[in-house]
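Notes for the one structure printed next.
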Amino acid sequence: VQLQASGGGLVQAGGSLRLSCAASGSIFRHSAMAWHRHTPGEQRELVAIISTGGIPHYADSVKGRFTISRDNEKNMVFLQMDSLKPEDSAVYYCRLISGVGDDSWGQGTQLTVSS
(Lines give C-alpha, C1' and ligand atoms only; values in the text may rest on other atoms or scores of the structure.)
Protein backbone atom coordinates (compact mmCIF):
# COMPACT_ATOMS: atom_id res chain seq x y z
CA VAL A 1 0.00 0.00 0.00
CA GLN A 2 1.31 3.45 -0.90
CA LEU A 3 0.24 6.57 0.93
CA GLN A 4 0.65 10.09 -0.41
CA ALA A 5 0.18 12.93 2.06
CA SER A 6 -0.32 16.53 1.02
CA GLY A 7 -1.65 19.86 2.20
CA GLY A 8 1.01 21.08 4.56
CA GLY A 9 2.31 24.60 4.50
CA LEU A 10 2.81 27.81 6.44
CA VAL A 11 -0.13 29.28 8.34
CA GLN A 12 -0.55 31.89 11.03
CA ALA A 13 -1.59 30.98 14.54
CA GLY A 14 -5.35 30.72 14.75
CA GLY A 15 -5.61 29.67 11.15
CA SER A 16 -6.78 26.46 9.52
CA LEU A 17 -5.39 23.89 7.15
CA ARG A 18 -6.52 20.53 5.81
CA LEU A 19 -4.18 17.64 5.23
CA SER A 20 -5.03 14.89 2.76
CA CYS A 21 -3.69 11.38 2.36
CA ALA A 22 -4.42 9.24 -0.67
CA ALA A 23 -4.02 5.49 -0.42
CA SER A 24 -3.62 2.89 -3.12
CA GLY A 25 -5.23 -0.52 -2.97
CA SER A 26 -8.50 -2.00 -1.83
CA ILE A 27 -7.27 -2.62 1.70
CA PHE A 28 -7.99 1.01 2.61
CA ARG A 29 -11.64 0.56 3.47
CA HIS A 30 -10.77 -2.39 5.71
CA SER A 31 -8.09 -0.51 7.66
CA ALA A 32 -8.07 2.04 10.42
CA MET A 33 -6.18 5.19 9.49
CA ALA A 34 -4.18 7.58 11.61
CA TRP A 35 -2.29 10.84 11.51
CA HIS A 36 0.94 11.21 13.46
CA ARG A 37 3.29 14.14 13.79
CA HIS A 38 6.96 14.46 14.54
CA THR A 39 9.05 17.35 15.72
CA PRO A 40 12.86 17.07 15.77
CA GLY A 41 14.04 15.89 19.16
CA GLU A 42 10.62 14.59 20.11
CA GLN A 43 8.93 11.23 19.78
CA ARG A 44 6.43 10.74 17.01
CA GLU A 45 2.99 11.58 18.38
CA LEU A 46 -0.32 9.99 17.46
CA VAL A 47 -2.63 12.88 16.62
CA ALA A 48 -5.83 11.20 15.51
CA ILE A 49 -7.12 7.82 14.45
CA ILE A 50 -10.27 6.81 12.63
CA SER A 51 -11.77 3.35 12.51
CA THR A 52 -13.05 1.58 9.41
CA GLY A 53 -16.51 2.66 10.48
CA GLY A 54 -15.51 6.31 10.84
CA ILE A 55 -15.22 6.55 14.62
CA PRO A 56 -12.50 9.07 15.52
CA HIS A 57 -10.23 9.41 18.50
CA TYR A 58 -7.89 12.30 19.21
CA ALA A 59 -4.89 13.17 21.27
CA ASP A 60 -5.77 15.52 24.11
CA SER A 61 -3.52 18.15 22.58
CA VAL A 62 -5.72 18.49 19.48
CA LYS A 63 -9.15 17.53 20.77
CA GLY A 64 -11.73 20.11 19.78
CA ARG A 65 -9.46 21.65 17.15
CA PHE A 66 -8.67 18.83 14.72
CA THR A 67 -11.09 16.62 12.84
CA ILE A 68 -10.14 13.37 11.12
CA SER A 69 -12.36 12.00 8.40
CA ARG A 70 -12.21 9.44 5.61
CA ASP A 71 -13.69 8.85 2.19
CA ASN A 72 -13.72 5.14 1.46
CA GLU A 73 -14.89 5.71 -2.12
CA LYS A 74 -11.83 7.82 -2.88
CA ASN A 75 -9.40 5.96 -0.59
CA MET A 76 -8.56 9.14 1.25
CA VAL A 77 -8.20 10.31 4.81
CA PHE A 78 -8.21 13.94 5.89
CA LEU A 79 -7.15 15.97 8.87
CA GLN A 80 -8.90 19.30 9.26
CA MET A 81 -6.87 21.48 11.59
CA ASP A 82 -8.42 24.59 13.09
CA SER A 83 -7.27 27.09 15.71
CA LEU A 84 -3.71 26.17 14.92
CA LYS A 85 -0.96 26.90 17.42
CA PRO A 86 2.79 27.23 16.93
CA GLU A 87 3.22 24.00 18.88
CA ASP A 88 1.29 22.20 16.16
CA SER A 89 4.25 22.76 13.84
CA ALA A 90 5.63 19.37 12.80
CA VAL A 91 5.91 16.92 9.97
CA TYR A 92 2.59 15.12 9.69
CA TYR A 93 2.40 11.52 8.56
CA CYS A 94 -0.56 9.40 7.61
CA ARG A 95 -0.56 5.75 8.53
CA LEU A 96 -2.60 2.79 7.39
CA ILE A 97 -3.07 0.31 10.24
CA SER A 98 -3.13 -3.10 8.67
CA GLY A 99 -3.82 -5.01 11.85
CA VAL A 100 -1.20 -7.64 11.04
CA GLY A 101 1.92 -5.65 11.80
CA ASP A 102 2.84 -4.31 8.37
CA ASP A 103 1.47 -0.80 8.58
CA SER A 104 2.10 1.67 5.78
CA TRP A 105 3.28 5.24 6.22
CA GLY A 106 3.09 8.28 3.98
CA GLN A 107 6.11 10.41 3.25
CA GLY A 108 5.15 13.27 5.57
CA THR A 109 4.02 16.81 4.98
CA GLN A 110 5.37 19.83 6.84
CA LEU A 111 3.14 22.16 8.81
CA THR A 112 4.58 25.39 10.16
CA VAL A 113 2.44 27.64 12.32
CA SER A 114 3.80 31.13 12.85
CA SER A 115 3.02 33.12 15.96
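The values are calculated or read from the model by the stated rules, or taken from the named source; none is laboratory data. Small disclaimer: the values here were computed from a predicted structure and weren't measured. Cβ sites come from the backbone with ideal geometry, for glycine too, and all protein chains shown count toward neighbours. Remember, those area values only see protein heavy atoms, side chains included, never the ligands or the DNA or RNA. Shrake-Rupley method; radii C 1.70, N 1.55, O 1.52, S 1.80 Å.
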Could you give each residue of the stretch 105-114 its phi-based ³J(HN,Hα) in whole Hz, using Karplus coefficients 6.51, -1.76, 1.60 with θ = phi - 60°, and x for Gly or Pro?
10, x, 7, x, 9, 7, 10, 10, 10, 8
Spatial separation of Cα centroids for the stretch 12-51 and the stretch 64-115, in angstrom:
2 Å
Share of the stretch 4-95's accessible area from carbon and sulfur, percent, 1.4 Å?
50 percent
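Counting only other residues whose beta carbon sits under 12 Å from that of residue 53, what net charge do I get with K and R as +1, D and E as -1? Each step should come with its number before you reach the end.
Numbers: positive: 29, 70; negative: none.
Value of the local net charge: +2.
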